[in-house]
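Reviewing the structure listed below.
The values are calculated or read from the model by the stated rules, or taken from the named source; none is laboratory data. Note that the structure is a prediction, hence the values are computed from the model and not measured. All Cβ positions, glycine included, derive from the backbone under ideal geometry; neighbour counts span all protein chains shown. Surface areas here come from the heavy atoms of the whole protein model, side chains and all, with no ligands, DNA or RNA. Shrake-Rupley method; radii C 1.70, N 1.55, O 1.52, S 1.80 Å.
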Amino acid sequence: MMSRISRFAAVTVSVAALFAGATLAEAQTRELRYADFGPDRGTRAEAIKWMDAQMRERSGGALGLDVTWGGTLLGAKNAIDGVGNGVADLASVVPVYEPGKLTAWRVSDVRQIADEYVGMMATYELMTQNEGAAANFAEQGVQYIANFTTGPTQLLSREPITTLAELEGKKIRATGNFGKSFEANGAAAVSMSQPDVYQALSTGTIDGTAAYAYVIDSYKQYEVASNLTTIDMGQNLGWGIVMNARSWSSLTPEQQTMMTELGRDVTLYLAQKMYESRTEIMQKLREGIDGNTIAEHEGDEGMKKALIDSAEEAGMSWLQGAKDQGLDADGLLAAFDEAVVKYKNDLEAQGYPWAKQ
């Protein structure tokens, strides 16, 4: 018979083997550090979580994401530098917050495009197939992965703003071409990242913000501003997911192929979710969330046209800046316009791809 000591030793070996097996299984999943400056809620956060689940599934458990939310690892204004330097393996980045970096990506913000599917897929195609864009990413030590969008731009404010006269002198949070457009039409544009907008609206530091449905919801901006004016400006398309170039190179060829396909699928997934969520979020806001409701206003045609025209004009200033950096700006803009026409025609002929599922 086995002695008591022998039985204890056998049990110890078995337990050790069990923990060793668990440790080995955990080690088989390489979790890539992902830095996001936004909160762990909303449509964009849902897309990042979907990406994580799909990465684990498609890689057979070899790859996954370890996501840090709320700017704890990298903020909106240092994300490109941070991921390029390897602080994170992947990050959500917004080139307009870091001028002079990833300028090629900002070509997608020159035009005022309201449809999420058309804008996002045209941008994805250009960033993944244009040699000039690829080189621009490589200069910053990053690899383009997927695209985000804000959705169509409206105006959220503390008090109703429906005319150019009412807009005069107001402090409006807006960046890039939207900010230039508000400035051109009498407002004072204030640049700040989305996590700071809630406090600024609450204290009256700003009177309003260029707003998107999912941001109003996920950042709970409806608690501090109750007026939403329809101005139907375009969407911010120059932002999304990039990966550190060294981290990308460390992947196997099969994993790189998987990540390329996943990047396109994430872009399409978010286009669908953004399209669908706008209606759902607006209905929630009309009905009220925790006692907070939104009053909707229609901007008059004069204000809407002036803001859209000014944004388009401001967008064209991108050309010279891009040329100064040695980019083929005319070629990039022509290629982007061509991609937009392609996806508009595709949409008109076949409808949204998710509607066929």
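For every residue, the table says whether it meets (1) at pLDDT 95 or above; (2) over 24 Å from the mean Cα position of the chain (by Cα).
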position: ALA271; (1), (2): yes, no
position: MET274; (1), (2): no, no
position: THR279; (1), (2): no, no
position: LYS284; (1), (2): no, no
position: GLU287; (1), (2): no, yes
position: THR293; (1), (2): no, yes
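Mind listing whichever residues of the range 143-158 are outside any loop (DSSP other than H, G, I, E, B) and farther than 25 Å from SER226 by Cβ?
Across the range 143-158, the qualifying residues are GLN143, TYR144, ILE145, ALA146, ASN147.
Within the range 217-261, work out how many residues are within 29 Å of ASN177 (Cβ to Cβ) and β-branched (Val, Ile, Thr).
Of the residues in that region, 6 qualify.
Within the range 110-127, is even one residue open to solvent by 20 Å² or more (accessible area, probe 1.4 Å) and farther than 21 Å from TYR352 by Cβ?
No, the conditions are met nowhere in the range 110-127.
Please work out which one of (1) closer than 24 Å to ILE281 by Cβ; (2) modelled with pLDDT of 95 or more is the condition GLU131 fails and give its number.
(1)
Can you tell me how many residues in the range 306-357 are at pLDDT 95 or above and β-branched (Val, Ile, Thr)?
2
Can you find, within the range 224-258, the residue that is most open to solvent (accessible area, probe 1.4 Å) among those that are at pLDDT below 95 and part of a strand (DSSP E or B)?
Only one residue tops the list, namely ASP232.
Only strands (runs of 3 or more DSSP E) wholly contained in the range 159-223 count here; list those with 2 or more residues that are open to solvent by less than 10 Å² (accessible area, probe 1.4 Å) and within 25 Å of TRP318 (Cβ to Cβ).
Per the criteria, 171-173, 208-211.
Given the criteria of a type outside the set (A, V, I, L, M), under 21 Å from TYR214 (Cα atoms) and open to solvent by 30 Å² or more (accessible area, probe 1.4 Å), does ARG41 qualify?
Criteria met by ARG41.
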